[in-house]
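Working notes for the structure below.
Every number here is computed from the coordinates shown, using simple stated rules; none is lab data. As the structure is a computational prediction, the values presented were derived from the model and not from experiment. Don't worry about glycine lacking a Cβ; one is built from the backbone with ideal geometry, like all the others, and counts go over all protein chains shown.
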Amino acid sequence: MTTPIGIHDLSFATGEFVLEHTALAAHNGTEIGKYHLGIGQESMSVPAADEDIVTMAAAAAAPIVARHGTDRIRTVVLATESSIDQSKSAGVYVHTLLGLQSATRVVELKQACYGATAALQFAIGLVRRDPAQQVLVIASDVSKYELDSPGEATQGAAAVAMLVAADPALVRIEDPSGLYTADVMDFWRPNYREAAIVDGHESISAYLQALEGAWKDYSEHGGRAPQEFAAFCYHQPFTKMATKAHRHMLNYCGLDTDDAAVAAATGPTTAYNRVIGNSYTASVYLGLAALLDGADDLTGRPIGFLSYGSGSVAEFFAGVPVAGYRAHVRTEENHAAIARRRTVSYAEYRELHERSLPVDGGDHATAEQTTGPFRLAGISGHKRLYTRR
Ligand code: HMG
């Protein structure tokens, strides 16, 4: 029998601030039901002026390093679509902040929200080659749309760190994967822009088409039948998307799509995304965190994962929680990461949204706002300066 490989530990971090959708609705005159029910969002994380994908990534991964040490980590793969540099991997800054050994390969991966799943699959390949090594996979993103645009209500920010190892303590990842790529312009962010450009309704169709393609490929490669899964973790740009996706999948398979069945399969994955918002690469793994932290014991019961990244690439695969996983989840810390956020008014949120680092890279000291473990202190000589608080 081959050695099981998968997620050995999982930890997440999010932004310093939170904006309630009630405040956004009061500003733009939207009926709150559209946010709470229509898209399934209650609040969104907003990073402080001295937070970015590096500080969130380091904050997410620090508890993993504290629990498992650094000796066996020989690779760090950081997936993001809110990259801070065209050349240097954000993971190299994280490597320093975490005190990882110099005998480590570090790289950044990008394909919209899908990148972390590529990172996970690449990590599994590396561990298969050398089962003694552990790979730190980090998904870190800040989702930013134009103010007063339809996408604004689906912003968010978070990082998920996962330690990938042989004989994992949480979830064993299975073969096969179902794959799908199609060149579509549903959502993209040219290098000169901070906020993404999106055709919202087109992006939902592109997501559903990619789900269909990935599921079809998964089935053709001998994957499990839909009825075998205890739950489905979908990429959640907003949590209602998980409901739409699952209904579409069941329909495609010619199965019953009643509301209760859809809610049972997807509901337990939405608790964190509903209050954090879209965290792009991290979103599907925040779904996993919520599911594993939930009331049901999923030991030995397959979970379906659908990772989607605009542009577009999708992958469907299965994972199985292993015996004893409930002793290794971080439920208390996860709840604390959400509860510690400070609520901002709409005006404060708008100021944070509009503030960006100088585009010419001029020297700049950032306002001291974060109460997290790491901060972006500023920029000097075009170099980003990070500190441990
Ligand atoms: P919109 O066009 O303003 O909203 O923005 P809408 O009119 O479509 O309404 C949304 C839902 O609320 C509808 O339900 C309405 O009926 C309902 P649906 O028909 O979809 O089931 N509604 C109400 N419900 C209850 N009470 C009410 C009420 N009023 C309306 N009073 C949109 C929605 C998602 C398009 C917008 O937020 C957007 O553009 N978001 C950004 C793009 C996005 O999230 N796309 C998702 C798929 S692409 C993806 O997942 C990739 C991504 O993560 C990026 C990446 O890969 O890097 C985005």
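Please identify every one of the GluC sites (Glu not before Pro) in region 16-94 that sits in a loop by DSSP and has no more than 11 other beta carbons within 10 Å of its own beta carbon.
31
Distance between Cα centroids, region 125-157 to region 230-259: provide it in whole Å.
21 Å
Given a Förster distance of 51 Å, report the FRET efficiency between residue 149 and residue 225 from their Cβ-Cβ distance, rounded to the nearest 0.05.
0.80
So if we plug the beta-carbon distance of residue 199 and residue 356 into 1/(1 + (r/R0)^6) with R0 = 25 Å, what FRET efficiency do we get, rounded to 0.05?
Once the sixth-power term is evaluated, E becomes 0.55.
Just rank 45, 82, 87, fewest to most, by other beta-carbon atoms within 10 angstrom.
Ranking 45, 82, 87 by Cβ neighbours within 10 Å, fewest first, gives 87, 82, 45.
In sequence order, what are the phi-derived ³J(HN,Hα) couplings for region 179-191 according to the Karplus relation 6.51 cos²θ - 1.76 cosθ + 1.60 with θ = phi - 60°, rounded to whole Hz, with x for glycine and proline?
These are the phi-based 3J(HN,Hα) values: 10, 7, 9, 8, 7, 10, 10, 9, 6, 7, 9, x, 4 Hz.
Tabulate in residue order the Karplus-calculated ³J(HN,Hα) for region 223-237, using 6.51 cos²θ - 1.76 cosθ + 1.60 with θ = phi - 60°, rounded to whole Hz; enter x for Gly and Pro.
So the Karplus estimates, Gly and Pro as x, are x, 5, 7, x, 5, 6, 8, 7, 7, 10, 9, 9, 4, 10, x Hz.
Can you list the HN-Hα couplings for region 152-167, worked out from phi with the Karplus curve (6.51, -1.76, 1.60; θ = phi - 60°), rounded to whole Hz and with x for Gly and Pro?
With the stated coefficients, region 152-167 comes to 3, 6, 10, 7, x, 6, 5, 10, 10, 10, 10, 9, 9, 8, 6, 6 Hz.
Which whole-number percent is the relative contact order of the chain (Cα, under 8 Å, 6+ apart)?
Working: 913 pairs, mean separation 96.9, N = 389.
Averaging sequence separation for qualifying contacts and normalising by length gives 25 percent for the chain.
What does the net charge come to around residue 134 if you take all other residues with beta carbon closer than 12 Å to its beta carbon, with K and R at +1 and D and E at -1?
-1
When 137, 322 are ordered from fewest to most other Cβ atoms inside 10 Å of their Cβ, what list results? It would help to have the intermediate numbers written out before the result.
Working: 137 30, 322 20.
In increasing order of surrounding Cβ atoms, one gets 322, 137.
Where does the charge balance sit around residue 370 when Lys and Arg score +1, Asp and Glu -1, over other residues with C-beta under 13 Å from its C-beta?
On the way: positive: 340, 341, 342, 375, 388, 389; negative: 16, 50, 51, 52, 368.
That works out to +1.
List the relative contact order of region 80-178 as a percent without decimals, with contacts defined as Cα pairs under 8 Å and 6+ residues apart. Walk me through the numbers before you get to the answer.
On the way: 106 pairs, mean separation 24.7, N = 99.
Once normalised by length, the contact order is 25 percent.
Using R₀ = 35 Å, calculate the FRET efficiency as 1/(1 + (r/R₀)^6) where r is the Cβ-Cβ separation of residue 251 and residue 28; round to 0.05.
Computed FRET efficiency for residue 251 and residue 28 comes out at 0.60.
How far, in nm, would the chain grow between residue 364 and residue 260 when pulled straight, counting 0.36 nm per residue and subtracting the alpha carbon separation? Each step should come with its number before you reach the end.
Numbers: separation 104, 0.36 × 104 = 37.44 nm, distance 5.27 nm.
Net length gain for the segment: 32.2 nm.
At each listed q (0.11 Å⁻¹), what is the log10 of I(q)/I(0) that the Debye formula gives for region 5-388 modelled as equal alpha-carbon point scatterers?
With no solvent term, the Cα-only Debye profile gives -0.72.
For the chain, what is the mean residue ellipticity at 222 nm derived from helices alone (per DSSP H run of n ≥ 4: -39500 (n - 2.57); sum divided by total residues; nearest 500 deg cm²/dmol)?
It comes out at -10000 deg cm²/dmol, rounded to the nearest 500.
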